[in-house]
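Working notes, beginning with the structure itself.
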Amino acid sequence: MFAGIRPADQEPDSAARPPLVRELLLVAGLFVIYKFGRQAANGHVDEAFHNAGHVWDLERAAHLPGEGAVQGLLLHNETLIHLANTYYATVHFPATLLFLGWLYWRRPHHYVWSRRILAVLTGAALALHLVFPLAPPRLLAATGLVDTGQVYGPTVYGSTPATDSMANQFAAMPSLHFGWAVMVGVGLVVATRSRWRRLWLLHPAITLFVIVGTANHYWLDSIVVAALLSVAFAALRLPRTEPVRPHIPWPATAAGPYAVPAGAIGRSSSYAASRAGR
């Protein structure tokens with residue numbers, strides 16, 4: 001998908017960098033819409049649990065691996081559970097903001113592209129949250145999974161999901177935790193040149209392990225957001241930028257700074273000889 005796309009030069013193209021104040025207002029506005037959009041999807045408790053039962057049955061019919069297998073790895077070590085809960089609670093927003101900030105300063109072309117992708121992805125996800133409320137597996141008794149955030153901590157959710165005023169706990173599908181993490185990983189792979197840049201993909205890999213292991217998301221939540229992200233990548237391609245080539249002066253010779261290039265000397269001599277023979 002990204003074949004032939006070259007990252008920007010080491011020196012950022014300041015002409016491609018949007019005005020900072022406008023971008024801060026835009027990102028803040030998107031965040032407000034994100035929070036209010038999630039709140040608007042609150043209150044569909046019965047529908048959310050009904051949909052959760054269908055998603056759970058669909059995953060079993062499709063023979064997807066059980067979320068319990070991933071959580072079982074965490075439950076063997078309480079420190080690992082704390083780390084997973086902390087990663088879920090603290091990395092999501094800061095990592096995305098740092099990603100956008102670095103791109104804005106060092107890779108303006110990539111920043112504009114990434115910001116558009118994230119805006120489209122988030123808008124599509126919020127629309128799906130409204131039309132398809134979904135209780136996470138930690139709240140569905142049929143899964144037999146542990147709400148690791150409530151049991152071991154830390155957690156970002158209230159203990160009573162139906163009255164949680166801080167977050168919508170019935171917006172499991174699609175998983176923006178995973179979608180944003182994939183965008184951060186892919187965006188940094190595309191925007192950097194280091195031979196180790198593919199290690200950035202560890203962020204979405206760890207995020208996927210965490211959101212499933214803590215029972216905050218189903219496998220299908222990640223599959224759906226990956227499909228939405230693929231559509232966004234196909235629709236909003238990164239614009240190609242031509243690298244700036246440094247100016248190469250004429251090579252100096254022993255005759256000094258005003259020497260004529262070697263090829264020109266040969267042509268001048270031939271021309272003079274032909275004139276003399278006339």
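Between the alpha-carbon centers of the range 135-200 and the range 208-229, tell me the distance in whole angstrom.
Using only Cα atoms, the two centres lie 7 Å from each other.
Given labels modelled 7 Å from the Cα in the Cβ direction, how far is it in nm from Ala28 to Asp46?
Inter-label distance under the simple model: 4.2 nm.
What residues from the range 124-163 fall in the zone where the backbone N is under 17 Å from a label point 7 Å along the Cα-to-C-beta line of Leu64?
125, 128-129, 132-146
Using a 10 Å cut-off on Cβ atoms, rank the peptides 149-158, 199-208 from the highest mean neighbour count down. Could the numbers behind the result be given before it?
Values: 149-158: 15.5, 199-208: 17.6.
For the peptides 149-158, 199-208, the packing ranking is 199-208, 149-158.
So, R0 is 41 Å and r is the distance between the beta-carbons of Leu83 and Ala141; what FRET efficiency does that work out to, to 0.05?
On the way: r = 27 Å, r/R0 = 0.65.
For Leu83 and Ala141, the calculated efficiency is 0.95.
With a ≥ b ≥ c the root eigenvalues of the C-alpha gyration tensor of the range 174-230, is it rounded (a/c under 1.5), prolate (a/b larger than b/c) or oblate? Please report the intermediate quantities before stating the final value.
Numbers: a/c = 3.46, a/b = 1.78, b/c = 1.94.
Cα axes put the range 174-230 in the oblate bin.
Just order 78-91, 56-69 by mean Cβ neighbour count inside 10 Å, highest at the front, would you? Mind showing how you got there, number by number?
On the way: 78-91: 16.9, 56-69: 13.4.
Top of the packing list down: 78-91, 56-69.
Can you order the peptides 221-230, 94-103, 109-118 by their average number of other Cβ atoms within 10 Å per residue, highest first?
Values: 221-230: 19.4, 94-103: 16.3, 109-118: 21.1.
Packing proxy ranking, top to bottom: 109-118, 221-230, 94-103.
Using modelled amide H (1.01 Å from N, peptide plane; none on Pro or chain starts), what sits under 5 Å from the amide H of Ala171, excluding residues fewer than 5 places away?
Leu134
What is the ratio of the Cα radius of gyration of the range 153-206 to 2.2 N^0.38 Å, with N the residue count, to two decimals?
Values: Rg = 15.8 Å, N = 54, 2.2 N^0.38 = 10.0 Å.
So the range 153-206 has a normalised radius of gyration of 1.57.
What nm distance separates the two modelled labels at Thr160 and Trp102, each placed 7 Å from Cα along Cα→Cβ?
Placing both labels 7 Å along Cα→Cβ, they lie 4.3 nm apart.
How many nm separate the modelled label positions at Ala227 and Trp196, each set 7 Å beyond the Cα in the direction of the Cβ?
With each label point 7 Å from Cα toward Cβ, the separation is 3.7 nm.
No value in this document is a laboratory result; all are computed from the given coordinates. None of these values were measured; they are calculated from a predicted model. When we count neighbours, we look across all protein chains shown, and the Cβ atoms used for this are built from the backbone with ideal geometry, even at glycine.
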